[in-house]
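Take a look at the structure set out below.
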Amino acid sequence: EAEVAQSPRYKITEKSQAVAFWCDPISGHATLYWYRQILGQGPELLVQFQDESVVDDSQLPKDRFSAERLKGVDSTLKIQPAELGDSAMYLCASSPGQGFMNTEAFFGQGTRLTVV
Amino acid sequence: QQQVKQSPQSLIVQKGGIPIINCAYENTAFDYFPWYQQFPGKGPALLIAIRPDVSEKKEGRFTISFNKSAKQFSLHIMDSQPGDSATYFCAASTLRTGANNLFFGTGTRLTVIP
C-alpha cells in the first residue's frame, strides 16, 4: 500500500541549531502539505504545495522556517534556528489534487521534534 | 482563532456504547467535513467525510450527522470496540479554492473499556 514517507521519525536538537525534515509523498500526488501538531492539539497547516509551487504559506514563520519542493515530488522543511517552542510533531500529507473526489489527504507518520 | 471547535476533549465509554463527538464551525465557505482517527505515534488517517448537501453519512459503524443551519456536525461510533480507542479529529475545508487546507479541531481522546 502506498504511503507518505517521512524522515527522521524522531529528532532531538539544541536550541539555535538547524534542523531539516524530509517528506516523500505518494507517487503521483500533486498536492503536498506540511502540518505542525503540538501535543494535545490538532494539526495546523504550515505550507501547501501544488506541484512545485507554494499555494499557501501564510502560517509559516518565514524568519526561521523554509520549505521547498524543487521538482514537485519530495519536499524538505527546515528550521533555522530552532527554538524551544518548535517542539512538536511535524506531519507531511499529500493528496492527488483538487476537487472533492481527490481531496483525501494521506498523512505520514510524522517527525517528532524535541528542542532542548 | 480556532476555526473548528470540538468537544468533548476526552470520552470514556464501555464496549458496545455509542460515543458522540461534536464539532462546530463559523466559516460558511467550508464545504468539506472529514473526520480523522489518530493512534499514538501515527499520523491521522481519514475515517469518513461529508459534504454539506447531505445531513447524514454512514460508513460501517461510523456515522456523520450534519446540521448546516446550526453549522454543526458530529461523529457517532456504533457498537464501539476497544480497538476504536484513539484520538479523533474533525476538520473542515473549502474545496472551491486552490488552497483547500484542512482546519482541524482540537481532538477528542476516546477510550473504549472492554
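The values are calculated or read from the model by the stated rules, or taken from the named source; none is laboratory data. Model, not experiment: these values are computed from the prediction. As a convention, Cβ positions derive from the backbone with ideal geometry for all residues, glycine included, and neighbour counts pool all protein chains shown. Calculation scope for accessible area: heavy atoms of the full protein, side chains included, ligands and nucleic acids excluded. Shrake-Rupley method; radii C 1.70, N 1.55, O 1.52, S 1.80 Å.
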For B:G41, the lone unmet condition from (1) in contact (Cβ under 8 Å) with a residue 60 or more places away in the chain; (2) within 12 Å of chain A (Cβ to nearest Cβ) is (1)
| said: For the range B:81-104, check the following and say yes or no: at least one residue is more than 10 Å from every other protein chain (Cβ to nearest Cβ) and in contact with a helix residue (DSSP H, G or I) (Cβ under 9 Å, 6 or more places away or on another chain). | reply: no
Matching residues in the range B:59-95 (in contact (Cβ under 8 Å) with a residue 40 or more places away in the chain, more than 20 Å from B:K42 (Cα to Cα) and touching a Ser or Thr at 6+ places or on another chain (Cβ under 9 Å)) number 10
Contact list, first residue from the range A:66-85 and at pLDDT below 95, second anywhere and open to solvent by 80 Å² or more (accessible area, probe 1.4 Å), beta-carbon distance below 9 Å, six or more apart or interchain, is A:L70/A:E52; A:K71/A:E52; A:G72/A:E52; A:V73/A:S27; A:V73/A:E52
Going through (1) within 25 Å of A:L84 (Cβ to Cβ); (2) among the small types (G, A, S); (3) under 15 Å from the mean Cα position of the chain (by Cα) one by one, A:A5 fails only at (1)
Taking the range B:1-12 and keeping only residues that are within 11 Å of chain A (Cβ to nearest Cβ), of a type in the set (A, V, I, L, M) and surrounded by fewer than 14 Cβ atoms within 10 Å (Cβ to Cβ), one is left with none
